[in-house]
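Data block below; observations after.
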Amino acid sequence: MSEKKEKSIGVKALASVSSLTLIVCVVILLVAGTNLFTGLVAVAAFGGLTAPAVMTGDTLAECVSGVFEMFMEGISTIFEAIASIFSSF
């Protein structure tokens, strides 16, 4: 296994935006029903999560785990941003 390298700010931003977009699209799909626009946005957000994970992964297991890692990292980045906003008050 190779060592983990630190991800760039662009990849972290892509992960957080894609994670937030994917969560919002899933909520909209559950509440309002299926919609072509929401489905396309969800596919684009999933592509934003999978592209960096697939490019950095060597095996299939690393690619799959990389997608979940990017999703969780994006969610944690969103919560860190919210916490830093509230801590500044």
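In table form, for the structure just shown:
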{"read-out": "Exposure proxy order (Cβ contacts within 10 Å, fewest to most) of THR21, THR34", "value": "THR34, THR21"}
{"read-out": "Dipole of the chain [Lys/Arg +1, Asp/Glu -1 at C-beta], most positive-end residue of SER19, VAL43, GLY33", "value": "GLY33"}
{"read-out": "Computed over the stretch 10-87: relative contact order in percent, which uses C-alpha pairs under 8 Å that are six or more apart", "value": "42 percent"}
{"read-out": "Sum of -39500 (n - 2.57) over DSSP H runs of 4+, divided by residues of the chain (222 nm, nearest 500)", "value": "-29000 deg cm²/dmol"}
{"read-out": "Per-pair calculated FRET efficiency, R0 = 25 Å: CYS63 and LEU36 via Cβ, rounded to 0.05", "value": "0.35"}
{"read-out": "Projected-area average for the stretch 10-87 over all orientations - Cα convex hull basis, square nanometres", "value": "6.0 nm²"}
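Any read-out appearing in this document is the output of simple, stated calculations on the displayed coordinates, not a laboratory observation. Small disclaimer: the values here were computed from a predicted structure and weren't measured. Glycine also receives a Cβ, built like all others from the backbone with ideal geometry; neighbour counts cover every protein chain displayed.
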